[in-house]
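Below is a structure I'd like to ask you about.
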Amino acid sequence: MGDSIRCTCQRCKVSGLTWPAVLITLGVLFLVSRGHWGYGIGALWPVLLVVIGLLKLAEAFASTEGHIGS
Amino acid sequence: MNCALHTEVEATGFCRNCGKALCAQCRRDVRGILYCEVCLADMLARPQPVASGVSPGLAVVLGFIPGLGAVYNGEYMKALIHVVIFAALVTLDSSGRAQPFSGIMTAAFIFYMAIDAYRTAKARMLGQAPPSSALGGWSTDKPIGPIILITLGVIFLLDKYYSLGLARRLLVGGAHRAGSADAVETNGADIIGGDAGWATQSDARVSGARSPG
């Protein structure tokens, strides 16, 4: 039963956003690459690095107050 | 917030295990980590973790393959990060402009992944919490990993930006605009253009897209 409790501390919330953010970023990058702006996915992929880095940075600075679990 | 047990007393911390608010009387400090008495008693009553089926030897072998060592340890986000960084380094390496720096960095990163997979697997085998990353931790007080990721991303974006010659094209486009209105008409796609060959294709595409209208 204890394992089913979901931690709602700030760090875990930000951590849970990482995968959705990666998927959304990939979606946006592919959309942009298919547009007529002239930017291919080959030029835009570093945005993914920046997005993951920013989320991990936010996770590092987020509060762990009320954290549940290890 | 007040203590969960002594509701009239201000809480001074939270149990790491159940998240319950604890006052100074209820908190049990174990090497800087707070627990409530109930959780601490449960932990002491729990049998010690036995060695799981995790093999550090296998982890180090898989660790040489980008992302696979982290996947073996159940760290999927870390696996994605490893793959993206490896892809970035290989891209930098294949451009040939950053040699021998990129080659050395790629080799170092491959060994880093293997060692990281080994350390994590060993901790898992012993039933301990995974050690912080060798890069200083992805989510600790010293977020060196995220800063490296952002820096790499910005460097690659700038690299693409300049290799596509956007800044140069913008400047040239500006000069055209300043020099001749006709030039602006014919080179309207300069703003999104790249280097000579790439811009030509882009110009053609944009011209084609605009001409029917």
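Read-outs throughout are calculated quantities, based only on the coordinates presented, and are distinct from any laboratory measurement. The shown structure was predicted, so the numbers you read here are calculated from the model rather than taken from an experiment. Here the Cβ positions follow ideal geometry from the backbone for every residue, glycine too, while neighbour counts run over all protein chains shown.
Just subtract the alpha-carbon distance of residue B:24 and residue B:46 from 0.36 nm times their residue separation and send over the number in nm, one decimal.
Computed gain between residue B:24 and residue B:46 is 5.4 nm.
Hey, what D do you get for the range A:2-61 in µm²/s if you plug the Kirkwood alpha-carbon radius into Stokes-Einstein at 37 °C and 0.692 mPa s?
Working: Rh = 13.0 Å.
Roughly 252 µm²/s, to the nearest whole number.
I would also like to ask the following. If each of residue A:63 and residue B:94 carries a label point 7 Å out from its Cα toward its Cβ, how far apart are those two points in nm?
Distance between label points: 4.6 nm.
Tell me the label-point distance for the pair residue B:161, residue B:9, using the 7 Å Cα-to-Cβ offset, in nm and rounded to one decimal.
The two pseudo-label positions are separated by 5.6 nm.
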